[in-house]
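The values are calculated or read from the model by the stated rules, or taken from the named source; none is laboratory data. Keep in mind it's a predicted model, so treat the numbers as computed, not measured. Cβ coordinates were reconstructed from backbone atoms using ideal geometry, including for glycine residues, and neighbour counts include every protein chain displayed.
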Amino acid sequence: MLAYDDLQQRWWNLEARLVERFGKKPDMEAILFLIGLQETGFLKEKITKEQKQDMIHVAVCSLLLPGGYYELEGKDKDGWPHFKQLKAVPDMNMPEQENFLKDHILLYFEENDFG
């Protein structure tokens, strides 16, 4: 339980920093979208629903790169990164999946000096 408590506390700290920066508490999807924007560098006024889903996909792949789940294959002519899956993500129930993603998100923000 201690590891979960530490993860939860670190997550709350990240949420607090994001609230400070953006004025409201983001949900997981918003955080993934933010990472996708960071990774692609795309800043537009209008982003389609499909592009938003693509941003979230880019975020998840980027988050799982250090764990060896994906590798970056390159970018297409429009600048979108493309990834190759190297190994399957372990089977997990929903709370485990959420904690798995939270842990990778926290690592991402630590490595990118957010704060």
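Right, Asp54: within 14 Å of the chain's Cα centre (by Cα) and either surrounded by fewer than 10 Cβ atoms within 10 Å (Cβ to Cβ) or farther than 28 Å from Asp6 by Cα (or both) or not? Yes: the conditions hold for Asp54.
The residues of region 64-88 that are in a loop (DSSP other than H, G, I, E, B), more than 16 Å from the chain's Cα centre (by Cα) and without any contact (Cβ under 8 Å) to a residue 24 or more places away in the chain, listed by number, are Asp76, Lys77, Asp78, Leu86, Lys87, Ala88.
Across region 89-115, the number of residues qualifying as farther than 18 Å from Glu15 by Cα, in a helix (DSSP H, G or I) and touching a residue at least 12 places away in the same chain (Cβ under 8 Å) comes to 0. If you filter region 96-115 down to residues that are among the charged types (D, E, K, R) and in contact with a helix residue (DSSP H, G or I) (Cβ under 8 Å, 6 or more places away or on another chain), you find that the one that is farthest from Glu39 (Cα to Cα) is Glu98. Is it the case that Glu39 is at pLDDT below 95 and loosely packed, with under 10 Cβ neighbours inside 10 Å? It is false that Glu39 is at pLDDT below 95 and loosely packed, with under 10 Cβ neighbours inside 10 Å.
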